[in-house]
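Let me begin by presenting the structure, written as structure tokens, before commenting on it.
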Amino acid sequence: MRKLIFSIIALSCLFIFNVSKAETSIQQKEIALTFDDEIRPAIFSDKNGLSETLKENDAHATFFVLGYQVKSSPEIFTKLVDDGHEIENHTWGHENLAKLVKQTGIEKALKNIEKTSSEILSATGRHPKFIRPPYWAIVENLKTALEKTGYRVMIIGNPDINTLDYEDAAQKRPASVLVTRVLKIIATRETHGTYRHVLVFHQTPQTRDAL
């Protein structure tokens, strides 16, 4: 069975489904490709870039983006949506929300997030439903406040899987190291009965080549 690659929104659906009138059910494997931080044209748009790979495989991804880039280059994100991808919130400038709340209070953090969402709405016509805190750093009262306003806060391990591609980039490791790590993570999770995987990537040369 070919792998099904869904956006992160699709993962909110049930993955147990009936395959016959006899109510036989199977577990459907689902992989969500998600990317954090800036859109980097040299990695994403150039020949053999991430955009080309996604198109060739009829795959749609979810991009957790920074508000400052959406404001400065809205056309990038308009095109991403036109290509079938989803745009979600990753704060204005990659702020550590836990530290921000501690230093300036919860209202400052909420304004940071809403400012980003406002720019995304302006560029794409859609208000984000998800937020992935940079470094997965968040405090409980902020998480609760965000959930009350309709956001789903992404958490490391549930459902996010850190691929560590940024470490591969920093250490200049070959893309094969990333491929081996991700396939091992998926195999281990499926051995334990988990068949839905939200893979967290960044736009690095290693990620481009690995995909």
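Readers should treat all values here as calculations from the given coordinates under stated rules, not as data from a laboratory. These numbers come from a predicted model, not from an experiment. For neighbour counting, all protein chains shown are included, and Cβ atoms are generated from backbone atoms with ideal geometry for every residue, glycine included.
Here are the numbers for the structure shown:
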quantity	calculated
Segment Lys55-Asp83, length gained on full extension (0.36 nm per residue, minus Cα span)	9.2 nm
Radius ratio Rg over Rh of the chain, counting only Cα atoms, Kirkwood formula for Rh	0.98
Dipole magnitude of the chain about its Cα centre (Cβ charges: Lys, Arg +1; Asp, Glu -1), debye to nearest 20	360 debye
Spatial separation of Cα centroids for segment 135-211 and segment 107-125, in angstrom	23 Å
The chain: antiparallel DSSP beta bridges as a percent of all, rounded to 5	10 percent
Furthest towards positive pole of dipole, Ala175, Thr191, Leu66, structure part the chain, Cβ charges	Thr191
Residue-averaged 222 nm ellipticity for the chain, from DSSP H runs of 4+ at -39500 (n - 2.57), nearest 500	-12500 deg cm²/dmol
Leading residue at positive end of dipole, segment 43-138 (Cβ point charges), from His127, Gln103, Leu80	Gln103
For segment 22-147, convex hull volume per residue from C-alpha positions, Å³	148 Å³
Set Lys108/Lys129; Lys29/Lys143; Lys79/Lys99; Lys79/Lys184 screened for pairs whose C-alpha atoms are more than 23 Å apart	Lys29/Lys143; Lys79/Lys99; Lys79/Lys184
